[in-house]
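To start, the structure under review is shown below, and the notes come after it.
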Amino acid sequence: MQVFLDTLKYEKNYSAHTILAYQNDLMSFYEFMQAKDVNQIQKQDIRNYMIYLSDHKMQARSIRRKISAVRSFFKYLIKENISKHNPCGGVVLPKLKKGVPEFLSAEGLENYFSDNESKDPASEFETLRNGLLIDILYQTGIRRSELVNLKWKDIDFHLLQLKVLGKRNKERIIPFSLELKNHIQIYLSRIEEMHLKGEYLFMNKKGGVLSGFQIYYIVKKELSKITRQNKKHPHLLRHSFATHLLNNGADINAVKELLGHTNLKATEIYTHSNIEQLKKIYQQAHPRSGDEH
């Protein structure tokens with residue numbers, strides 16, 4: 001298994017986060033199979049594994065991901081002449097429920113940022129940092145993993161743009177506003193006053209780098225000031241970034257590039273609100289829509 005994971009790392013250039021997910025998924029499968037020889041594993045074993053995951057209340061998306069990891073592993077084994085068949089072939093995966101991504105209201109976010117702007121720049125370090133963290137996630141639409149790895153050298157204050165390393169080490173450039181530049185510089189001044197040093201943008205009071213889990217809980221805490229939605233996570237700001245851009249007439253291909261998507265279909269899920277707005281306008285304005293005016 002380790003050779004396969006090394007292949008993902010050095011040949012496929014997968015991120016550490018993705019490789020860890022593969023490792024966890026394969027270990028789960030390995031434990032279920034009770035060290036059964038790979039050449040003895042059959043299609044029915046895969047189906048039984050899926051039933052086992054479903055019985056343990058695992059969602060369809062997670063089951064599909066786990067089977068995808070197992071399928072990729074067997075493809076590697078076949079390529080290396082270790083196994084003669086892929087037992088995942090022809091296995092019907094559970095269907096995903098078609099849903100639309102949740103997002104925050106532009107008004108709620110503007111109220112949040114207005115409240116932050118009214119605070120003294122000399123306020124608590126964590127208050128400044130947390131507000132900036134939300135601002136960057138919303139203004140750039142970057143992923144949590146990309147935010148964790150964001151360094152000072154990645155920010156170009158002159159050109160008002162930042163560089164991020166996305167999935168599969170794909171680099172992209174994202175513009176930001178003059179307002180965000182000022183926000184970052186206030187935070188930088190606070191860091192210098194505290195004599196903190198480090199190459200990463202987001203740190204704790206001692207200068208240590210914030211982890212992905214710490215960022216998750218910061219976002220959850222800050223978003224509780226904006227919304228009562230049950231799900232409060234960094235990706236909610238990415239959803240909001242994309243949805244608000246499209247709602248305000250941004251070209252979908254441009255949004256695709258900003259998000260770092262390789263496939264336009266991944267971006268199209270954010271057009272839902274445009275369609276809902278069109279439906280609302282139609283129902284309110286068209287004489288034959290069935291609505292009373």
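The values are calculated or read from the model by the stated rules, or taken from the named source; none is laboratory data. Only a predicted model underlies this, so the values are computations on that prediction, with no experimental measurement involved. Here Cβ is always computed from backbone atoms with ideal geometry, including for glycine, and neighbour counts include all displayed protein chains.
Which one of the conditions (1) in the same structural domain as Ile142 (by TED's automatic domain parsing); (2) at pLDDT below 90 does Ile252 fail to meet, given that it meets all the rest?
(2)
Hey, does the stretch 198-216 have a residue that's of a type outside the set (S, T, N, Q), at negative phi, assigned to a helix (DSSP H, G or I) and buried (at least 19 other Cβ atoms within 10 Å of the Cβ)?
For the stretch 198-216, residues of a type outside the set (S, T, N, Q), at negative phi, assigned to a helix (DSSP H, G or I) and buried (at least 19 other Cβ atoms within 10 Å of the Cβ): present.
Can you list residue pairs whose Cβ atoms sit under 7 Å apart, with the first residue in the stretch 66-78 being over 13 Å from Asn24 (Cα atoms) and the second being surrounded by fewer than 20 Cβ atoms within 10 Å (Cβ to Cβ) and of a type in the set (Gly, Ala, Ser)? Count only pairs 6 or more apart in sequence or on different chains.
Phe74/Ser83; Leu77/Ser83
Do we find a residue being outside any helix (DSSP H, G or I), closer than 20 Å to Tyr49 by Cβ and at pLDDT below 95 anywhere in the stretch 112-123?
Applying the first criterion (outside any helix (DSSP H, G or I)) to the stretch 112-123 yields 118-123.
Then drop every residue that is not closer than 20 Å to Tyr49 by Cβ, which leaves none.
Scanning the stretch 112-123 turns up no residue that is outside any helix (DSSP H, G or I), closer than 20 Å to Tyr49 by Cβ and at pLDDT below 95.
Given the structure, is Leu258 assigned to a helix (DSSP H, G or I), closer than 16 Å to Pro101 by Cα and not acidic (Asp, Glu)?
no
Among the residues of the stretch 171-205, write down those that are within 17 Å of Ile142 (Cα to Cα), touching a strand residue (DSSP E or B) at 6+ places or on another chain (Cβ under 8 Å), in contact (Cβ under 8 Å) with a residue 24 or more places away in the chain and not β-branched (Val, Ile, Thr).
Arg172, Phe176, Tyr200, Leu201, Phe202, listed by residue number.
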